[in-house]
Amino acid sequence: MIPSGKPFLPDLKIYEEYLSGIWARNHLTNHGPLVAELEQRLKAFFGVKHFFYVNNGTLALQIAIKALDLKGEIITTPFSYVATTSSIVWSDLTPVFVDIDPLDFTLDAERIESAISPVTSAILATHIYGIPCATNRIQEIAFRHNLKVIYDAAHAFGVEIGGKGVLNFGDISTISFHATKLFHTVEGGGIATNNDELAHRINYMRNFGHQGYEDFYGLGINGKNSEFHAAMGLCLFPHISTLLNRRKIQSEHYDKQLTLASSHLQKPRLPSGIRYNYAYYPLIFETEETMLRVRDALENEAIYPRRYFYPALTRLPYMKTQPMSVAESVSGKVLCLPLYHDLTLNQIGDICDIIASQLIR
Ligand SMILES: *Cc1c(COP(=O)(O)O)cnc(C)c1O
């Protein structure tokens, strides 16, 4: 059986060494030494001024929204994981969708301005599949209209834009280290900013608002993560470049094996000047019917691609919205092919043969 993804697990012995340390110290959570070490190493890896390791990527988004003190409406993408939209609604704000770019599937910057209203306070966009948004254009629009910018960089571990780590963009960027992500800590997430004042707010907000044991700065929540989760991240750290390189080789093999069928397929376009992480391998078929036929053929061989993202977020039961034709069309026709560290090139060859057999007849 070939799943769509599989978490990378380190050598158990190495994890056990971290466990022995946790047992010896008896310090399980509340910003222990492993959390502090992971936070420092991730901050250096991402090349950002401030980085906060928290318990998941959804809470990271919610804290980002609170820290920026947003009000009213937030312009956002209908093509992302549900957490991007639900975090806005959870904060009692109103998501306003803007359709995606038909070529790279990120929020279409050219459509943002017509969606701005007097109560718009921010733009929340996702670097979907790790593909960076049009960050320059979005920043320009945000400046002109005095809006804050948050990037949901849950997919974008290791991505660079013009040589700069992807978490340097926007007022705040968030990331997820969930087990399904390229780099994971079982559960986990992070918040990055280069703004000192925001960093101060995020720091107390993720720890109940505490300032020392008996004092409080302001409103906070429990955003802490544990030593056990941090240990997983520290175990994965030495494998990062192997994981990224492996994904690149696998993705290029998919590309090569699919060339015969490629006139029937669309892949998102990568902008120039970036370092991509090959986090996912999304393919857009000509019609939903073709996609379903391919999926059935793969599932018959115990290969399980994922309809990621389906449905479009316009279909959420708590969202009232205009139809978003590009997002709805893409989400109806997309399949993410299996991609994980120990997927072999032969398996990729088999997957591509099955796909081609359904397209070229
Ligand atoms: C995974 C994901 C999240 C949520 O992260 P969790 O750590 O699972 O809470 C948010 N946005 C996107 C785009 C994601 O893929």
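Other residues lying with their Cβ under 11 Å from the Cβ of Pro132 contribute a combined charge of 0, Lys and Arg counting +1, Asp and Glu -1.
Mean-square fluctuations from a GNM of the chain, with a 10 angstrom spring cutoff on Cα atoms, peak among His264, His127, His178 at His264.
In a reduced charge model with +1 at each Lys and Arg Cβ and -1 at each Asp and Glu Cβ, the range 12-238 shows a dipole moment near 300 debye about its Cα centre. Nearest 5 is fine: what % of DSSP beta bridges in the chain come out antiparallel, could you say? If we restrict to bridges inside the chain, about 55 percent are antiparallel. Classify the range 222-278 as rounded, prolate or oblate from the Cα gyration tensor: take a ≥ b ≥ c as the square roots of its eigenvalues, call it rounded if a/c is under 1.5, otherwise prolate when a/b beats b/c and oblate if not. Note, shape of the range 222-278 comes out prolate.
Of the trypsin sites (Lys or Arg not before Pro) in the range 228-321, the ones in a loop by DSSP (not H, G, I, E or B) with at most 15 other beta carbons within 10 Å are Arg269, Lys320.
Going by a ≥ b ≥ c, the root eigenvalues of the Cα gyration tensor, does the range 239-359 fall in the rounded group (a/c under 1.5), the prolate group (a/b larger than b/c) or the oblate group? Note, shape of the range 239-359 comes out oblate.
Only helices enter the 222 nm calculation for the chain: every DSSP H run of n ≥ 4 contributes -39,500 (n - 2.57), and dividing by all residues gives -11500 deg cm²/dmol, rounded to 500. Scan the range 165-255 for GluC sites (Glu not before Pro) in coil per DSSP, keeping those whose Cβ has at most 13 other Cβ atoms within 10 Å, and list them by number. Loop-located and lightly packed - Glu214. For the chain, the mean projected area of the C-alpha convex hull, equal to one quarter of the hull surface, is 18.6 nm². Of the chymotrypsin sites (Phe, Trp or Tyr not before Pro) in the range 185-220, the ones in a loop by DSSP (not H, G, I, E or B) with at most 11 other beta carbons within 10 Å are Tyr213.
Quick note: the coordinates plus some simple rules give every number you see, no bench work behind them. These numbers were taken from a predicted model, which means no experiment stands behind them. All Cβ positions, glycine included, derive from the backbone under ideal geometry; neighbour counts span all protein chains shown.
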